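See below for the structure under consideration.
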Amino acid sequence: MSILTVLDHPLLQHKLSILRDKRTGTREFRDIAREIGMLMTYEITRDFPLMPIEIETPIAKMTTNILAGKKVAIVPILRAGLGMVDGVLDVIPSAKVGHIGLYRNEETLEPVKYYFKMPKDIDKRTVIITEPMLATGGSLIAAVSMLKAEGVKDIKIMSLVVAEPGLKALEAVHPDIHVFCVGYDKELNENGYITPGLGDAGDRLFGTK
Ligand code: URA
């Protein structure tokens, strides 16, 4: 069974097409990345357990369901991952947020950690890693390994676009996680960008190009 779920909801597909379009400017890109983060959370949390409670409506007593105390942490990989955090918080306001900063060592090409700050009880939380572009998979493989080393057991990845080579690499090392995305592209170009992709997600979110 694949670790990938491509979310084909029409609203998500429509919004991703706007992000892919090079004419979309920074402000609109940021707003839509947040909206997609919110809508994807709806699907990603589909397996969260419920528990019954007794309440009273203005009319009568009833038994109804609430979330069974599932604790969530959102972990963006800096910097593009920040673009989806507020969307998740819109629907899970009680979530805590950890951050992972990685850079690539130009000699070894391995990701190197420069920032890692997690909530104290991260090992007891379901972690949603936000990483808009799963390209080679290098950063995500490292990020998942770091979280597992902290004792995290339940890890879900929220991506906008996943490329096949990165997914295969991630699946080979971490077959026990679940990746959610809106677009699935086959290839990377010679610079490691997803093709057709949407360009550099960090630059497009923060207007740095
Ligand atoms: N990072 C990006 O922002 N875009 C890509 O296509 C690949 C990695």
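The values are calculated or read from the model by the stated rules, or taken from the named source; none is laboratory data. Keep in mind it's a predicted model, so treat the numbers as computed, not measured. Cβ placement follows ideal geometry from the backbone for every residue including glycine, while neighbour counts extend to all protein chains displayed. Heavy atoms of the whole protein, side chains included, go into the accessibility calculation; ligands, DNA and RNA do not. Shrake-Rupley method; radii C 1.70, N 1.55, O 1.52, S 1.80 Å.
Annotations
- Looking across E164, E187, one residue alone is among the charged types (D, E, K, R), under 26 Å from L39 (Cβ atoms) and over 14 Å from the mean Cα position of the chain (by Cα). It is E164.
- Residue count, region 75-98 (criterion: within 18 Å of V152 (Cα to Cα) and more than 13 Å from the chain's Cα centre (by Cα)): 2
- Lone qualifier among G87, G98, G83 - being surrounded by 10 or more Cβ atoms within 10 Å (Cβ to Cβ), within 16 Å of the ligand (Cβ to nearest atom) and not aromatic (F, W, Y): G83
- Subset of region 106-146 [of a type outside the set (A, V, I, L, M, F, W, C) and in contact with a Pro (Cβ under 8 Å, 6 or more places away or on another chain)]: R125, T130, E131, T136, G137, G138, S139
- Residue list for region 63-80, restricted to those being within 19 Å of Y115 (Cα to Cα), of a type in the set (A, V, I, L, M) and open to solvent by less than 10 Å² (accessible area, probe 1.4 Å): A73, I74, V75, I77
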